[in-house]
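Engineer: What follows is a single structure, and I will ask about it in a moment.
Rule-based calculations on the coordinates, nothing more; no lab input. Just so it is clear, the model here is predicted, and its values are computed rather than measured. Ideal geometry is used to build each Cβ from the backbone, glycine not excepted, and the neighbour counts take in all protein chains shown.
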Amino acid sequence: MTVDRSEEQAPPVELVFGEVYRDYFGFVWRSARSLGTRPGALDDVVQEIFVVVHRRLPGFEARSNVRTWLSGIVLNVVRHYRRSRARKSPHELSREEPIEPDRLSGAVRDPHELAVLSENTRLLEQLLDTLDDEKREVLVLAELEEFTVPEIAEALGLKLNTAYSRLRLARAAFDVALQRHRARTRERQP
């Protein structure tokens with residue numbers, strides 16, 4: 001009698017924290033930043049995310065891929081950060097310095113390219129700031145991190161149709177914010 005091993009599950013993959021950190025640091029950093037973590041707190045938020053990852057890594061059961069699992073942790077830590085930040089006074093929040101995109105770039109760029117990158121990054125941040133948290137999270141995961149809608153639904157704990165609906169609404173709200181920005185820009189031009 002032969003045993004069909006195709007139906008047996010593979011043994012769980014044991015993840016090593018150092019490898020997870022190395023392979024996913026960029027993803028975690030970008031996600032935390034895109035989801036609304038301000039530059040002054042970004043290092044602390046990313047560190048907190050990896051503290052949670054380190055604590056939960058032994059319990060990772062590989063029911064989803066690592067990136068989806070990490071995105072759930074990122075979302076929870078960033079949500080906590082935003083709630084804490086919302087309780088601070090407005091004058092405290094205004095002291096944060098905007099992040100300079102050219103500091104993030106590993107490649108040497110010409111000054112014009114750096115200026116365009118910096119301006120586009122600031123515009124994207126302004127437009128994302130107009131969205132409520134639910135729309136922002138879905139839009140960032142879909143458009144910036146290139147998650148599929150089923151992955152987004154899993155990461156956010158949503159029903160699939162809710163994720164599709166929220167993404168559609170987020171894209172529409174982003175488009176409205178972009179059109180307003182363009183209209184204001186046209187009004188300022190001589």
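Engineer: What's the magnitude of the charge dipole for the stretch 108-190 around its Cα centre, counting Lys and Arg as +1 and Asp and Glu as -1 at the beta-carbon? Answer in Debye, nearest 20.
Structural biologist: That gives a dipole near 520 debye.
Engineer: Here's another thing I want to ask about it. What nm distance separates the two modelled labels at Arg82 and Glu14, each placed 7 Å from Cα along Cα→Cβ?
Structural biologist: 3.8 nm
Engineer: Sorted by average packing, counted as other Cβ atoms within 10 angstrom per residue and highest first, what order do 145-151, 162-168 take?
Structural biologist: Ranked by mean Cβ neighbours within 10 Å, highest first: 162-168, 145-151.
Engineer: Could you give each residue of the stretch 53-68 its phi-based ³J(HN,Hα) in whole Hz, using Karplus coefficients 6.51, -1.76, 1.60 with θ = phi - 60°, and x for Gly or Pro?
Structural biologist: For the stretch 53-68, the Karplus curve yields 4, 4, 5, 8, 4, x, x, 5, 9, 6, 6, 9, 6, 4, 4, 5 Hz.
Engineer: Further question on the same structure: Taking the Cα centre of each part, how many Å lie between the stretch 39-60 and the stretch 131-171?
Structural biologist: 22 Å
Engineer: Also, quick follow-up: Which length gain, in nm to one decimal place, applies between Asp129 and Leu57 when the Cα-Cα distance is subtracted from 0.36 nm times their residue separation?
Structural biologist: Fully extending the segment from Asp129 to Leu57 adds 22.8 nm.
Engineer: Packing-wise, with mean Cβ within 10 Å as the measure, how do 22-35, 51-64, 131-144 rank, highest first?
Structural biologist: Peptide ranking by packing, descending: 131-144, 22-35, 51-64.
Engineer: Also, I was wondering about something else. Using a Förster distance of 25 Å, how high is the FRET efficiency between Asn120 and Thr148, based on the Cβ-Cβ distance and rounded to 0.05?
Structural biologist: For R0 = 25 Å, the calculated efficiency reads 0.50.
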